[in-house]
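Inspection log for the structure reproduced underneath, given as C-alpha cells.
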Amino acid sequence: MTTDTTTTTGAASDRTLVWSDEFDAPISWGTRWTGDRSSAYRYADHNPDDSKLDRLTTDAVSIHDGVVTFTATPSEHILENGERAWDTGLLTTEYSSEGFQVQTGDFVEVRVRMPAAEGAWPALWTWKDGGNEIDSFEYHPDNADVLELSNHLHHVCSYYSDDAIGTGRWVTIGTWYQAYTVKWYVNGGEVFSDGKGVGDDWSAYLILNLSVSSGTYHPAPSGPGPVSFDADYIRVYR
C-alpha cells in the first residue's frame, strides 16, 4: 500500500534490512507472527492489568491492499476485574517459529495510521523475560497530536507533540536501540534521545497491537465500536 516512502535514512542508510513485513500477503500465523498470546499478558490471551480491556484473537487482524488492520469489538468475555473485555488484535514475534528478536544496535521503523475512536490504544513495543520493554510509540486519540516514547528499562518517557501527528494521519516512526541511548524518529527526523540506552546484550520480541483503554487514564470506548488501527509496514535494519 505504501504511498509515502518516508524513511529515517540517517539511522538506516548504512544498515542492512534484516527483517520486515510489508503486509502484502496473508499473516503467516505461527511462522512469523503469533496473535493469540503474549507473555506480556498475565493470562496469555487477556490481561485485566494496566488499564486495558484486551482479549486477543487472530480474527481481529486482517490484511487488505498492503495494510494490516486491527479491529477491536466488545467481547462476551468478562475479565477477572469484572470489566467486559474487547476482542482485539496483536502481532508478536514471540512464540513464532522464526522467533525474531531485535537487539542492541538495531533500528526499527513502522508506518501507521493514527486511530480516531475513543478507547484506541495502539503501540509498537518490545518484550522479553518479563520486561525489556522499549515503546517505539503509544497513542491515544484524546491527545491527538502526541506520541508517548518510553524506555521502561530506565523509566524514561517523552511526550512528543507535532502537528503532523493526528487522528487519521499516516506517521512514520523509527527507534534506534543503542547501548547507551535510544533514539526516536518521526517522519524522518530525530525527536528524542534518552541518554540511557538498552545495554550491550539487550534483545527482545516485537509487538505491534491495538489495546483498548479501560478509562482509567484515557477514555474508554464511547460506544459499541468497532475501534480500528492500521499499519503499512514494519522494518528492522541491522
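Here are the numbers for this structure:
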quantity: Complete set of residues in the stretch 205-238 that are open to solvent by less than 10 Å² (accessible area, probe 1.4 Å) and charged (D, E, K, R); calculated: D232
quantity: Every residue from the stretch 84-99 that is buried (at least 16 other Cβ atoms within 10 Å of the Cβ) and either closer than 19 Å to R235 by Cα or over 20 Å from the mean Cα position of the chain (by Cα) (or both); calculated: L90, L91, T92, T93, E94, S96
quantity: Complete set of residues in the stretch 110-127 that are outside any strand (DSSP E or B) and of a type outside the set (D, E, K, R); calculated: M114, P115, A116, A117, G119
quantity: Subset of the stretch 189-204 (residues that are buried (at least 19 other Cβ atoms within 10 Å of the Cβ) and under 17 Å from E138 (Cα atoms)); calculated: F192, D194
quantity: Hey, V186 closer than 21 Å to D50 by Cα and either open to solvent by 40 Å² or more (accessible area, probe 1.4 Å) or not aromatic (F, W, Y) (or both) or not; calculated: no
quantity: Elements of type strands (runs of 3 or more DSSP E) contained in the stretch 138-238, each with 1 or more residues being free of Cβ contacts under 8 Å to residues at least 60 places away in the same chain and out of contact with any Lys or Arg (no Cβ under 7 Å at 6 or more places or on another chain); calculated: 146-151, 156-161, 182-186, 189-193
quantity: Matching entry among E133, E148 (being touching a Cys at 6+ places or on another chain (Cβ under 9 Å), among the charged types (D, E, K, R) and open to solvent by 10 Å² or more (accessible area, probe 1.4 Å)); calculated: E148
quantity: Any chance S20 is in contact (Cβ under 8 Å) with a residue 24 or more places away in the chain, closer than 23 Å to L149 by Cα and of a type in the set (G, A, S); calculated: yes
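The values are calculated or read from the model by the stated rules, or taken from the named source; none is laboratory data. Just so it is clear, the structure is predicted and the values come from calculations on it, not from any experiment. Ideal geometry is used to build each Cβ from the backbone, glycine not excepted, and the neighbour counts take in all protein chains shown. Just so you know, the surface numbers come from the protein's heavy atoms only, side chains and all, with ligands and any DNA or RNA stripped out. Shrake-Rupley method; radii C 1.70, N 1.55, O 1.52, S 1.80 Å.
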